[in-house]
Amino acid sequence: MVIREAFTVRAPVERVWAFLEDVPRLATYVPGVEAVEETGPDRYRGRLAVRIGPISARFEGVVRIIQREPPARLEAEMEGQDGASASWVKAAFLGTLEPAAEGTRLACEIDLTLRGRLAQFGSAVLEATARRMIHAFAQRLQEALESPHAP
């Protein structure tokens, strides 16, 4: 399943890019991220808690940044497992930034594959969950960039 979403934040591209480059800090604004640690250059291990339908899951996994084109484009791959629901997720992420009249337009494309017990809820429930998380991240990102402590 491919999910495409875009939003605009009121900050210049370079400032948004600097924020996105700080992965441990950025992770604190992603809904459900409970932990993240750098394991090597452009490699991270983390935990994401999510509720899909009536089931809660806690995915343990890895993220690998595979390409950067500062300050315009970022590609990453993610993979994780939740033992309790016997589910596995894999995602390819492409994010782009471009100047907009109000600040910076961020567009993302996520190619998501889910297997196991959580996959039974179908694409409509999975897509709604992913979009809800993206919208919450967009709001948190805007609030962070408006903070006096933002980069």
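We did not get these values from a lab; they are worked out from the coordinates using the rules stated. The structure presented is a predicted model; accordingly, all values stated were derived computationally and were not measured. Neighbour counts are summed over all protein chains in view; Cβ atoms, including those assigned to glycine, are modelled from backbone coordinates with ideal geometry.
Couple of notes before you dig in:
- Estimated FRET transfer efficiency (SER123, ASP42; beta-carbon r; R0 30 Å; 0.05): 0.50
- Computed label-point distance, nm, for sites GLU14 and GLU34 using a 7 Å Cα→Cβ extension: 4.0 nm
- Here Cα extents along the principal axes in Å was computed from the coordinates, and among (i) 66, 33, 29; (ii) 43, 33, 26; (iii) 39, 38, 32 the match is (ii).
- When only Cα pairs below 8 angstrom with a gap of at least 6 residues are kept, region 81-121 shows a relative contact order of 45 percent.
- Measuring nothing but how far apart in sequence close Cα pairs (under 8 Å, 6+ apart) lie, relative to its length, the chain scores a relative contact order of 28 percent.
- Mean Cα-pair separation over length for region 22-80, i.e. relative contact order, pairs under 8 Å, 6 or more apart, %: 22 percent
- Linear extension gain, GLU109 paired with ARG51, 0.36 nm per residue minus alpha-carbon span: 18.8 nm
- Across the alpha-carbon set of region 94-145, the Rg to Rh ratio works out to 1.09, Rh being the Kirkwood radius.
- The residue list SER147, ALA86, LEU74 was ranked by how far each Cα lies along the charge dipole of the chain toward its positive end, using unit charges on Cβ atoms, and ALA86 comes out on top.
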